[in-house]
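For reference, the structure discussed in these notes is given below.
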Ligand code: ATP
């Protein structure tokens, strides 16, 4: 019930052709990024270190001014609107709570610092902060100081503080990055619930693919200042647009192969029939471990069993495919021994031309 009154529809956020360079001679941090985030969407910016995730988030926030390109919140061009007027809420990895203020005062801070005409009265502030404390499940900690909270609790206070001003856009930069694995997992589930309740347009930065896959409605994958793909988790995982996306999201076995005469050749053997739309010549054949099965008598990929082990969910073999330099884990039904040669069938595969 409390949550319903917090709900306020989020804005659409659109960035168009964003370029941002920090130093004159180096490569640009963002090299022409365009992206539309739907109202109420939970979008992850995923990519390796230095790919431009934080810079893009800061451009959306108004903390960085782009060299070129525009930022829109709904129909409004906010490119030149200062950060205080954009209606954004932030949470950073290192929760910058005010240490000398209680949890209550931290959450109330944004409301109290509004200009007079927009500042709610004391009773209204109490009501709003109370609701938010319920929402982030910390109703009894209002009078504590940040130093008396766990990391996960502090992060929840930081989120409540960001939500207090009813931002139309919520921006989270590795919000759970500094926390241990279990707390992170709990907070992820909880963020998903909060998002469902508040419906705010939310953009969060992560370099953790599991976090992105588990939480996001859609994922934008950045590499060297460019977006390589934007899609739902199943799209980026099952239909990666580039070799980079394929190797960055989800496990992949990469096999050096050649396509000629309708066959995919690995180490001089025809291992797979080539699809008609696959290019002739040297390629990387990319396979998801969950598309591989051991056995069958068609022309097959070959590999060597490195290890195998039983688990509660069945037996798993670690197999090094011929033409590949890192092993993959495949579920198996037969008993195998270390060193066994096995044939594998791939129900799906992707190829990318090798340069
Ligand atoms: P990480 O996951 O490590 O935080 P990121 O994907 O968020 O990385 P950014 O922080 O956006 O990447 O950085 C993109 C590029 O811009 C990097 O090469 C970085 O060194 C550079 N950069 C970012 N901020 C600044 C700055 N204030 N001054 C100079 N260079 C910067």
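According to the calculation over all Cα-Cα pairs in the chain, the P(r) per 20 Å bin from zero is 26, 45, 25, 4 %. Relative to the longest principal axis of the chain, what angle (0 to 90°, nearest 10) does the C-alpha long axis of helix 122-135 take? That works out to roughly 20 degrees.
The modelled label-to-label distance between residue 181 and residue 72, using points 7 Å beyond Cα along the C-beta direction, is 4.4 nm. In percent, rounded to a whole number, the relative contact order of the chain is 17, using alpha-carbon pairs under 8 Å and six or more apart.
Binning the alpha carbon pair distances of the range 299-355 at 10 angstrom intervals from zero yields the distribution 22, 50, 23, 5, 0, expressed in whole percent.
For helix 151-164, what angle does its Cα long axis make with the longest principal axis of the chain, in degrees from 0 to 90 and rounded to 10? In the chain, helix 151-164 runs at an angle near 60 degrees to the longest axis. The length gained by stretching the chain between residue 334 and residue 306 to full extension, at 0.36 nm per residue less their Cα-Cα distance, is 8.6 nm.
Once the Cα atoms are used to define both axes, helix 103-112 deviates from the longest principal axis of the chain by about 70 degrees. In the range 251-353, the convex hull through the Cα atoms has an average projected area of 6.2 nm², a quarter of its surface area. Hydrodynamic estimate: the Kirkwood radius of the range 64-140 over Cα pairs, inserted into Stokes-Einstein at 10 °C and 1.306 mPa s, corresponds to D of 105 µm²/s. Each Cα pair under 8 Å and six or more residues apart adds its sequence gap; the mean of these over the residue count of the range 152-212 is a relative contact order of 44 percent. The range 88-110 and the range 33-69 have Cα centres spaced 23 Å apart.
Label-to-label distance, residue 192 versus residue 345, with points set 7 angstrom from Cα along the beta-carbon direction: 3.3 nm. Among beta bridges from DSSP that stay inside the chain, the antiparallel ones total about 75%.
Extension gain, residue 123 to residue 234: 0.36 nm times the residue separation minus the Cα-Cα distance gives 35.3 nm.
How much length is gained if the chain between residue 22 and residue 269 is pulled fully straight, taking 0.36 nm per residue apart and subtracting their Cα-Cα distance, in nm to one decimal?
83.9 nm is the gain from fully extending residue 22 to residue 269.
Using only alpha carbons, the range 174-234 has a radius of gyration to Kirkwood radius ratio (Rg to Rh) of 0.97.
In terms of the mean number of neighbouring beta-carbon atoms within 10 Å, the peptides 338-348, 210-220, 300-310 order highest first as 210-220, 300-310, 338-348. Entry note, the chain: the mean residue ellipticity at 222 nm calculated from DSSP H runs of n ≥ 4, each adding -39500 (n - 2.57), is -7500 deg cm²/dmol after division by the residues and rounding to the nearest 500.
Only the coordinates and a few stated rules stand behind these numbers; no lab work does. The model shown is predicted, which means the values in this text are computed figures rather than measured ones. Because the Cβ atoms are built from the backbone with ideal geometry, glycine has one as well, and the counts that use them run over all protein chains shown.
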